[in-house]
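The values are calculated or read from the model by the stated rules, or taken from the named source; none is laboratory data. Quantities reported herein were computed from a predicted structural model and do not represent experimental measurements. Here the Cβ positions follow ideal geometry from the backbone for every residue, glycine too, while neighbour counts run over all protein chains shown. These area figures cover heavy atoms from the full protein model, side chains too; ligands, DNA and RNA do not enter into them. Shrake-Rupley method; radii C 1.70, N 1.55, O 1.52, S 1.80 Å.
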Amino acid sequence: MMKANNMSPMSLVLSYPRSGMNWLRHCVETMSGRLTPGPHLGLLDTDQYAFCRLHNIKRGQAKANPRGASWNRVCLILRDYRENYVRTPYFQRSKYTTIKKWNYTSYADNILYFNQYPGPKLLLHYESHVKGFDDSIQFLEWAEIPHQPLQPSQLEAEVKRSKGQYRKDQNKYYRRIPNRLITPATAAAARQSLVKILGESMFAKYLGCYDRPLPASKAA
């Protein structure tokens, strides 16, 4: 096996926590048979990796790059910034606690990195991504990863399998949080914190599509 410091460039997928990374991982690993490691990467040859996944570009690169990791393309998965805000334990730690206190600024940092990245880029949105296999297949084709597409008839079974594994991995930290927790004040605070980092023009470019009423349904 090749050691990590001999790695060839690979695809990078960025997504803030609760933005659909696990669904992409499930689909990609099922369809391609390749692994989707985090920043520690391990010691496998990158031919066995589909992509490296990071929630926080600054912290993640600090762990991955010294191990020899570099990227030849970058995919970003975005979810409604207001929904991510109420699901951020850093701000809701009295009720929604996880082992790590994620800092909401990493949501903006991922966008900044994606925006300035000079190579091939792919932007996916949680809201369409989690509804089927289409976005995952688009990713596999974009990343030029050999795969066997799943059939639409398999969707229900794969969703059930993916959620079951996610609940098992997340243990008691797996939660369903209703959108009604997003108050006007919460939405304004989320927007303000992102505009402060991104600026109005970049916010509009990537997140302007979310400046609309939220659906009333619950989301995982």
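Values for this structure:
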{"quantity": "Entirely in the stretch 44-109, the helices (runs of 4 or more DSSP H) that have 3 or more residues that are out of contact with any strand residue (DSSP E or B) (no Cβ under 9 Å at 6 or more places or on another chain), surrounded by 15 or more Cβ atoms within 10 Å (Cβ to Cβ) and at pLDDT 75 or above", "calculated": "81-86"}
{"quantity": "When residues of the stretch 117-136 are limited to those that are open to solvent by 30 Å² or more (accessible area, probe 1.4 Å) and part of a helix (DSSP H, G or I), the one farthest from LYS58 (Cα to Cα)", "calculated": "ASP134"}
{"quantity": "Unmet requirement for TYR173, which otherwise passes all of (1) under 23 Å from PHE203 (Cβ atoms); (2) hydroxyl-bearing (Ser, Thr, Tyr); (3) exposed (fewer than 14 other Cβ atoms within 10 Å of the Cβ); (4) at pLDDT below 90", "calculated": "(1)"}
{"quantity": "Subset tally (residues that are in contact with a helix residue (DSSP H, G or I) (Cβ under 9 Å, 6 or more places away or on another chain) and polar (S, T, N, Q)) for the stretch 139-153", "calculated": "1"}
{"quantity": "Any hit, the stretch 179-192, residues being touching a Ser or Thr at 6+ places or on another chain (Cβ under 8 Å) and at pLDDT 90 or above", "calculated": "no"}
